Amino acid sequence: MKRIVLLAVPVTLAVMFAANAGTLDNGNWSPSGCGAMPEAPNVNASSVDTLNKSIAAVNDWQKQLQTYDECMIKEANADAAAISNAANAQQVRYREASAKINAELTAASDKFSSGATPSGVGPGNQGLGNPFGNPGGGNPGAGGMGY
């Protein structure tokens with residue numbers, strides 16, 4: 001059961017990240033659904049006309065850059081939320097498993113520490129005794145093997 005859970009978690013994360021995740025490569029994150037970051041235009045100040053054209057190109061570039069930036073932020077926030085949700089879900093699963101095991105251990109410990117004995121065992125029930133007539137069966141001081 002543990003193997004299935006451990007194998008299912010990476011598959012689930014891969015499916016989640018395939019739908020809305022950026023790319024993480026050697027510690028560097030980049031958005032995957034925003035296209036390439038717009039390249040800054042060259043500024044040509046050789047004349048008033050070329051400078052005016054450069055200003056128009058820079059203004060256009062800044063609009064493209066703002067669109068890219070908004071897309072990148074939206075994607076980064078979605079990725080961060082997906083990672084956080086997946087980590088929280090894993091924490092819930094292992095905390096639930098731990099609580100279940102601890103409850104089982106507590107119940108078992110309580111069973112033995114409260115003086116309770118398993119069914120069929122105790123002073124009022126001598127069990128089968130020595131049904132096969134083995135030497136010393138049921139009486140460890142009788143010198144037999146007790147089987």
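The values are calculated or read from the model by the stated rules, or taken from the named source; none is laboratory data. Since the model is a prediction, treat every value here as computed from it, not as a measurement. Cβ atoms come from the backbone with ideal geometry, glycine included; neighbour counts cover every protein chain shown.
Listing for the model above:
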quantity	calculated
Residue list for the stretch 23-35, restricted to those being part of a loop (DSSP other than H, G, I, E, B) and exposed (fewer than 10 other Cβ atoms within 10 Å of the Cβ)	26, 27
Matching option when the condition is among the aliphatic types (A, V, I, L, M), at pLDDT 90 or above and either in contact with a strand residue (DSSP E or B) (Cβ under 9 Å, 6 or more places away or on another chain) or surrounded by 12 or more Cβ atoms within 10 Å (Cβ to Cβ) (or both), among 83, 101	83
Those residues of the stretch 36-65 which are within 30 Å of residue 83 (Cβ to Cβ) and surrounded by 12 or more Cβ atoms within 10 Å (Cβ to Cβ), in sequence order	37, 38, 64, 65
